[in-house]
Structure formats: structure tokens, C-alpha cells
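> Here it is, the structure in full.
The values are calculated or read from the model by the stated rules, or taken from the named source; none is laboratory data. Computed from a predicted structure; not experimentally measured. Please note: Cβ atoms are built from the backbone with ideal geometry, for glycine as well, and neighbour counts cover all protein chains shown. Note: areas computed on protein heavy atoms with side chains; ligands, DNA, RNA excluded. Shrake-Rupley method; radii C 1.70, N 1.55, O 1.52, S 1.80 Å.
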Amino acid sequence: MLTAGILALVLAVAGAGIAAWRINASKPQVVITASGPRTPWEMVPPLSVDEYSRDASAADTPSANPTTKKQTIAATYARSGQNTVVLLMSRPEKDAKKFMVDLGMNSVIATEDGFCGTSVDTNRDSCALIRDSTAIMVVDLVGLSRADLMTLAHKFADSLAA
């Protein structure tokens with residue numbers, strides 16, 4: 001009787017396992033695949049980042065170059081009522097150094113994760129980095145250090161890509 005009980009229990013467990021396997025085998029398999037390239041974030045300058053803010057009524061529609069297929073947009077940011085920096089974005093971009101040189105920056109040097117240089121025309125410092133195939137450059141208007149400009153470029157990039 002004990003042997004029959006154990007045999008019945010083994011058959012019940014085996015039957016349940018076979019039934020579960022058949023049920024799972026009849027369901028379609030879900031295959032997770034990597035998605036394509038990430039859709040870039042919208043190229044609209046944020047209204048503010050930290051203590052820097054821009055005029056909300058200023059035009060913020062990117063311009064498109066039909067030859068290069070690049071979109072660009074710029075916005076001026078003030079701190080304590082004084083224009084302090086200009087944010088310039090361009091997409092698609094792959095190389096921040098080339099982007100800066102193409103815009104007339106000289107003495108372009110690498111930083112940890114971007115580049116800084118000086119404008120040939122205005123002698124103003126600027127720093128740029130690439131985020132999601134978009135160049136983000138911050139141009140100084142009041143004498144900020146390159147370290148501050150790069151930090152600000154990161155803050156704009158984080159705000160934009162959030």
C-alpha cells in the first residue's frame with residue numbers, strides 16, 4: 001500500500017510536469033530584441049538650467065541646412081539679469097572638435113570628455129561635447145572659466161536628454 005501511494009504520487013507529479021510543459025510549449029515565445037537607434041530628444045533649449053534662464057518668447061525652432069541635413073539652434077541665457085552664455089546645438093554631429101573648428105574656433109584642446117576653444121572672431125571661450133549625436137556648445141559672454149563652461153555644457157546636455 002505504501003509503494004502504491006508513492007507510485008501514485010510520482011505519477012501525479014510527473015503528470016503535472018508534463019501538463020505544465022505542454023501548456024508552456026503551446027504559448028508563443030517572446031523574444032526580446034534590441035531596439036533600433038534611440039530617437040533623439042527634441043532640440044528645444046530648456047527654459048532654465050540652474051541659475052541660467054532664457055527668454056521664453058525667443059524663437060526656439062531649429063533651422064535645417066538642406067545641403068548638410070544638419071539642424072541647429074541657439075539660445076542666449078542670462079544669470080542675474082545679465083546675458084551670460086549662448087547655447088548652440090547641432091545635429092547630427094559625431095566629432096566635437098571638428099564641430100568647433102567648423103564654427104571658427106581656434107586653439108581647440110581636448111578636455112576629459114569634450115573640447116574647448118576660442119572664437120577667431122570674438123575671442124570668446126567656448127566648450128562643446130557630443131550627446132546622442134548632438135553637439136552641445138556653450139559660449140562665454142562674461143568671462144567664465146573653461147571648467148565652468150564644460151560643467152554648464154554637461155548640465156545643458158543632462159537637461160536636454162532627460
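> Suppose we filter the range 133-154 for residues that are part of a strand (DSSP E or B) and either more than 23 Å from Ser80 (Cα to Cα) or touching a Phe, Trp or Tyr at 6+ places or on another chain (Cβ under 8 Å) (or both); how many remain? I'd like the intermediate steps shown before the answer.
Of the range 133-154, the ones part of a strand (DSSP E or B) are 134-140.
Filter once more, keeping what is either more than 23 Å from Ser80 (Cα to Cα) or touching a Phe, Trp or Tyr at 6+ places or on another chain (Cβ under 8 Å) (or both): 134-138.
Count: 5.
> Does the range 124-132 contain any residue that is open to solvent by less than 10 Å² (accessible area, probe 1.4 Å) and either polar (S, T, N, Q) or in a helix (DSSP H, G or I) (or both)? Explain how you work it out, then say what you get.
Step one: of the range 124-132, the residues open to solvent by less than 10 Å² (accessible area, probe 1.4 Å) are 126-129.
Okay, now just the ones that are also either polar (S, T, N, Q) or in a helix (DSSP H, G or I) (or both), so 126.
Scanning the range 124-132 turns up at least one residue that is open to solvent by less than 10 Å² (accessible area, probe 1.4 Å) and either polar (S, T, N, Q) or in a helix (DSSP H, G or I) (or both).
> Next up: In the range 88-123, which residues are open to solvent by 30 Å² or more (accessible area, probe 1.4 Å) and in contact with a helix residue (DSSP H, G or I) (Cβ under 7 Å, 6 or more places away or on another chain)?
Result: Thr111, Phe115.
> Please give the number of the condition Ala153 fails out of (1) surrounded by 22 or more Cβ atoms within 10 Å (Cβ to Cβ); (2) at pLDDT below 95.
Among (1) surrounded by 22 or more Cβ atoms within 10 Å (Cβ to Cβ); (2) at pLDDT below 95, Ala153 violates only (2).
> Of all residues in the range 65-82, count the ones that are surrounded by 13 or more Cβ atoms within 10 Å (Cβ to Cβ) and either of a type outside the set (Lys, Arg) or modelled with pLDDT under 95 (or both). Break it down into steps so the answer makes sense when it comes.
Step one: of the range 65-82, the residues surrounded by 13 or more Cβ atoms within 10 Å (Cβ to Cβ) are 70-79.
Narrowing the set further to residues that are either of a type outside the set (Lys, Arg) or modelled with pLDDT under 95 (or both) leaves 70-78.
Adding up the residues that qualify gives 9.
> Same structure, new question: Residue check: is Asp113 more than 23 Å from Pro40 (Cβ to Cβ), not hydroxyl-bearing (Ser, Thr, Tyr) and not in a strand (DSSP E or B)? Let's see the steps before the verdict.
Values: more than 23 Å from Pro40 (Cβ to Cβ): no; not hydroxyl-bearing (Ser, Thr, Tyr): yes; not in a strand (DSSP E or B): yes.
So Asp113 fails the test.
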